[in-house]
Amino acid sequence: PKVRSAVVSLRFRPTNLEIPNFELFEKLVRQVFQHRRKMLSNALLPIVSESRAEISGILSKTKIDGTRRPETLQLAEFAKIASELNRFVN
């Protein structure tokens, strides 16, 4: 059979984002993308394991709408949420 192949090279662009706890950031991104079609506030429930009021407070501090889908967030918005979660967890 004919086989077509390609090589993809990825280069990471340097960012100037402030991510205080990269493990928490990675956990956040993994968790919300497991449920990327859910609203952000619902996708955060397994991470925060507190009340919806706590999640609402975190999202209001970051000025991110909890009804958005995780797939619509920018990298900087994930960094803001992770930074706020880091304060909450520690």
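None of the figures in this text is laboratory data; all of them are computed from the coordinates on show. Note that the structure is a prediction, hence the values are computed from the model and not measured. So basically every Cβ, Gly included, is an ideal-geometry build from the backbone, and we count neighbours across all protein chains shown.
Taking LEU73, LEU44, LEU59 as the candidate residues, the one with maximal mean-square fluctuation in a Gaussian network model of the chain, Cα springs under 10 Å, is LEU73.
Taking 0.36 nm per residue of sequence separation and removing the Cα-Cα distance, the ARG13/VAL29 pair yields an extension gain of 4.0 nm.
Each of ASN21 and ALA76 was given a label point 7 Å from its Cα along the Cα-to-Cβ line. The distance between the two points is 2.4 nm. Restricting the range 1-56 to chymotrypsin sites (Phe, Trp or Tyr not before Pro) that sit in a DSSP loop and have at most 11 other Cβ atoms within 10 Å of their own Cβ leaves PHE12. Report, in degrees rounded to the nearest 10, the 0 to 90 angle that the Cα long axis of helix 22-34 makes with the longest principal axis of the chain. In the chain, helix 22-34 runs at an angle near 80 degrees to the longest axis.
Checking (i) 89; (ii) 131; (iii) 122 against the coordinates, the calculated volume of the Cα convex hull per residue in Å³ falls under label (ii). With respect to the chain, whose longest principal axis is taken over its alpha-carbon atoms, helix 75-89 is tilted by about 40°.
Please report how many Lys pairs in the chain have alpha carbons closer than 18 angstrom, counting only residues at least 8 apart along the chain or sitting on separate chains.
Total qualifying Lys-Lys pairs in the chain comes to 4.
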